[in-house]
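Chemist: Questions regarding the structure given below will be posed in turn.
The values are calculated or read from the model by the stated rules, or taken from the named source; none is laboratory data. Since we're looking at a predicted model, the values are computed, not measured. Backbone-built Cβ (ideal geometry, glycine too); neighbour counts: all protein chains shown.
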Amino acid sequence: MNAQTEQAAGYEELSSADFSALESWDPAKVVITPRMAARLWLQTSLRLTRAQKELHDAIFANDGSDESLDRFASARAELDSAEAWALHVSRNIPRYR
C-alpha cells in the first residue's frame, strides 16, 4: 500500500493474491452476501481512486528520466489492472442498496 494513503483502523485490504483468486472464481459457485458485495465494491472504488491518483502523480512528476518513465509505466499498468477488476466486479457482483 502507498505510504501516503491513509487507512481506517481495522480495515483489511485485499492483496494482489486475493484479487487474482477472485478473478478466477466462478460467480455461479460462490454465494455473495450483501456484506461481501459491499466490501468488494468499496475496495474496488478505493483501488481505482488510488491508481488514478498514482498515475496523475506520475504524469506531473515526469522529468524525462528513466526512473520517472518507469514510475509512469507502473502506474499506468496498475490503473489498467484496477479498471479490469472494476469491470469484473460490475459484471459479476450485484450491488445491494
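Chemist: On the basis of being at pLDDT below 75, of a type in the set (Phe, Trp, Tyr) and surrounded by 13 or more Cβ atoms within 10 Å (Cβ to Cβ), does Phe19 make the cut? Before the answer, list the steps.
Modeler: On the way: at pLDDT below 75: yes; of a type in the set (Phe, Trp, Tyr): yes; surrounded by 13 or more Cβ atoms within 10 Å (Cβ to Cβ): yes.
Against the criterion (at pLDDT below 75, of a type in the set (Phe, Trp, Tyr) and surrounded by 13 or more Cβ atoms within 10 Å (Cβ to Cβ)), Phe19 qualifies.
Each row is one residue, and each column tells you yes or no for (1) assigned to a helix (DSSP H, G or I); (2) more than 16 Å from Asn92 (Cβ to Cβ).
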{"site": "Val31", "(1), (2)": "no, no"}
{"site": "Ala37", "(1), (2)": "yes, no"}
{"site": "Leu46", "(1), (2)": "yes, yes"}
{"site": "Thr49", "(1), (2)": "yes, yes"}
{"site": "Gln52", "(1), (2)": "yes, yes"}
{"site": "Asp57", "(1), (2)": "yes, yes"}
{"site": "Glu67", "(1), (2)": "yes, yes"}
{"site": "Ser74", "(1), (2)": "yes, yes"}
{"site": "Glu78", "(1), (2)": "yes, yes"}
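Chemist: From the set of residues in segment 49-97 that are of a type in the set (Gly, Ala, Ser) and exposed (fewer than 14 other Cβ atoms within 10 Å of the Cβ), which is nearest to Met36 (Cα to Cα)? Steps first, answer last, please.
Modeler: Step one: of segment 49-97, the residues of a type in the set (Gly, Ala, Ser) are 51, 58, 61, 64-65, 68, 73-75, 77, 81-82, 84, 86, 90.
Then drop every residue that is not exposed (fewer than 14 other Cβ atoms within 10 Å of the Cβ), which leaves 61, 64-65, 73-74, 77, 84, 90.
Numbers: Ala61: 37, Gly64: 43, Ser65: 43, Ala73: 32, Ser74: 29, Ala77: 26, Ala84: 19, Ser90: 14 Å.
Checked segment 49-97; the qualifying residue nearest to Met36 (Cα to Cα) is Ser90.
Chemist: Moving on to the next point. Quickly run through segment 85-97 and pick out the residues that are part of a helix (DSSP H, G or I) and touching a residue at least 60 places away in the same chain (Cβ under 8 Å).
Modeler: First, the residues of segment 85-97 that are part of a helix (DSSP H, G or I): 85-92.
Correct list: Trp85, His88, Asn92.
Chemist: Shifting gears a bit: Under the condition of being among the hydroxyl-bearing types (Ser, Thr, Tyr) and without any contact (Cβ under 8 Å) to a residue 24 or more places away in the chain, which residue from segment 65-81 is farthest from Gln52 (Cα to Cα)? Reasoning before the result, please.
Modeler: Initially, segment 65-81 is screened for residues among the hydroxyl-bearing types (Ser, Thr, Tyr), giving 65, 68, 74, 81.
Still in the list and also without any contact (Cβ under 8 Å) to a residue 24 or more places away in the chain: 65, 68, 74.
Working: Ser65: 21, Ser68: 16, Ser74: 12 Å.
Checked segment 65-81; the qualifying residue farthest from Gln52 (Cα to Cα) is Ser65.
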